[in-house]
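Below is one structure; the comments refer to it alone.
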Amino acid sequence: MQSSLSRRTLLKALGLGAVTAVAPSWLRAEALPRVVVVGGGFAGATAAKYLKLWGGTSLEVTLIEPNTTYVSPILSNLVLNHQKTTADLSFDYVNHSTVYGINMIHDAVNAIDTSSQLMTLHSGATLSYDRLILAPGMEFAEINGLDYEKVPHAWKAGAQTNLLQSQIDAMQDGDHFVMTVPASPYRCPPGPYERACVVADYLHNTRGLANCQVTVLDANAGITVEAETFGAQFEAYGITYRANISIASVDSDARSITFSENGGASETLEADVLNVIPNQKAAKVVVDAGLVAGNWAPVNPLSYESTLAQHVHVIGDSQATAQPKSGHMGNSQAKICADAVLRSLNNQTPYEAPKTNTACYSPVSSTHASWLTAVYEYNAETGAMQLVPDAGYPASGAPSTQNYEDMFKWSGNLFADTFA
Ligand SMILES: Cc1cc2nc3c(=O)[nH]c(=O)nc-3n(C[C@H](O)[C@H](O)[C@H](O)COP(=O)(O)OP(=O)(O)OC[C@H]3O[C@@H](n4cnc5c(N)ncnc54)[C@H](O)[C@@H]3O)c2cc1C
């Protein structure tokens, strides 16, 4: 066995002297395989936890996440109507390090070299991996003139959510709330429609501002999911809904948006509160590593290994399997990926018949919620995930107070499975 001094000398000779605990396992004869997970959201935090739960002391797991607190986007529309606070939706990584023995690094990954299996962190440190799981969520497409400090997206939860809440709270009777829905695929298909309902209910019924208007500008040809439910709610709240919208620009100071409908003439709409949720793509670190085709990262759904680079897996919102971009789905993919990585470290092939599950609960007021769920299975002929045939998926439930209560049981279980 090499002494650590001779390993350091060897690394220095290889030009890797400044590296933090660096060598790949082929240089560390006595070392355990190192799996690095990037991003501590629903996908990454679950993957790191289950790698250790199932892999135990047979591997070293490192989770890289810039923030010490994660704020869940799930339920975050309930911050806008004061049913929840961002503190209620906040989670830390203490269990990851103390209960599961995961190395937590609070830093961001700036660059990944998939050929040498090395990555550079924002702090300048370099880290090697034997297997890499990327779970950094998603990024927004740029919109001319859009400044999130003035026109929040509130689609990644935290400060943005609180900013939108305070803008809505400053609305007076007769004011106009205008929001946009991104083109599919995007994070949480029902989420924007749910937000329109929650805001309309809050303005009209909680704050008694009967003359406030809510307008939804949708990039899609129609309501993308639960169309009957949201269509009926929009009618009941008097929400103006317009489809096939292309955004040209935003004036963030004036809170106005310029767009066309159905490819027609350009129009500008003034808002008192403007909430633009732009189109979406894989997170920057995934794009920069050359792991994207189009907007998202293609993967083998048996293992979530990238089809563009060996030993790199992509789970959660950034991946391109055409399954919904939801936290529940990210949690589900994380377990399939963790199992496949552990098998691969033992020279085994991935489980050949994986199933995944998604669920979204949508509050439409401070008392009622609907739900949407689906189960997917691997189709060996197409090599893709598909809805389980003849099972009635996607299935949905109309708004009710019972569903509103169940929403907290479901989310409590998901939060615990990811962070506890
Ligand atoms: C209003 C709303 C309601 C929703 N409701 C539901 C619901 O009912 N059900 C449901 O299942 N889902 C819901 N979602 C969707 C869900 O929140 C997302 O799909 C989920 O968060 C995606 O998980 P993820 O782990 O892929 O990404 P994220 O949760 O975004 O986590 C990514 C993490 O990666 C980190 N990161 C990014 N870049 C780097 C880097 N370079 N280096 C290191 N770390 C990095 C980030 O800091 C972040 O913590 C909702 C979303 C919204 C906005």
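The values are calculated or read from the model by the stated rules, or taken from the named source; none is laboratory data. These numbers were taken from a predicted model, which means no experiment stands behind them. Note that we place each Cβ from the backbone using ideal geometry, even for glycine, and neighbour counts take in every protein chain shown. Ligands, DNA and RNA are excluded from the accessible area calculation, which covers all protein heavy atoms including side chains. Shrake-Rupley method; radii C 1.70, N 1.55, O 1.52, S 1.80 Å.
Points worth noting:
- Test: residue in the range 355-366 that is assigned to a strand (DSSP E or B), within 13 Å of the ligand (Cβ to nearest atom), under 30 Å from ALA196 (Cα atoms) and of a type in the set (Val, Ile, Thr): yes
- Residue among THR98, THR85 that is farther than 24 Å from SER326 by Cβ and either in contact with a helix residue (DSSP H, G or I) (Cβ under 9 Å, 6 or more places away or on another chain) or at pLDDT 95 or above (or both): THR98
- Scanning the range 158-201 for residues that are open to solvent by 20 Å² or more (accessible area, probe 1.4 Å) and either closer than 28 Å to HIS328 by Cβ or hydroxyl-bearing (Ser, Thr, Tyr) (or both) gives ALA159, GLN160, ASN162, LEU163, GLN165, SER166, ALA183, SER184, PRO185, ARG187, CYS188, PRO189.
- Options VAL312, VAL285, VAL299; residue that is open to solvent by 10 Å² or more (accessible area, probe 1.4 Å) and under 17 Å from ILE64 (Cα atoms): VAL285
- If you check ALA236, ALA254, ALA248 for being more than 16 Å from the ligand (Cβ to nearest atom) and part of a strand (DSSP E or B), only one passes: ALA248.
- Check on SER4, modelled with pLDDT under 50 and either crowded, with 20+ Cβ neighbours inside 10 Å or small (Gly, Ala, Ser) (or both): yes
- Any hit, the range 92-104, residues being within 10 Å of the ligand (Cβ to nearest atom) and part of a strand (DSSP E or B): no
- Among residues of the range 367-406, those that are touching a Leu at 6+ places or on another chain (Cβ under 8 Å) and assigned to a loop (DSSP other than H, G, I, E, B), counted: 2
- Members of the range 399-420 that are aliphatic (A, V, I, L, M) and exposed (fewer than 15 other Cβ atoms within 10 Å of the Cβ): ALA416, ALA420
- Residues within the range 56-77 that are assigned to a helix (DSSP H, G or I) and more than 9 Å from the ligand (Cβ to nearest atom), tallied: 3
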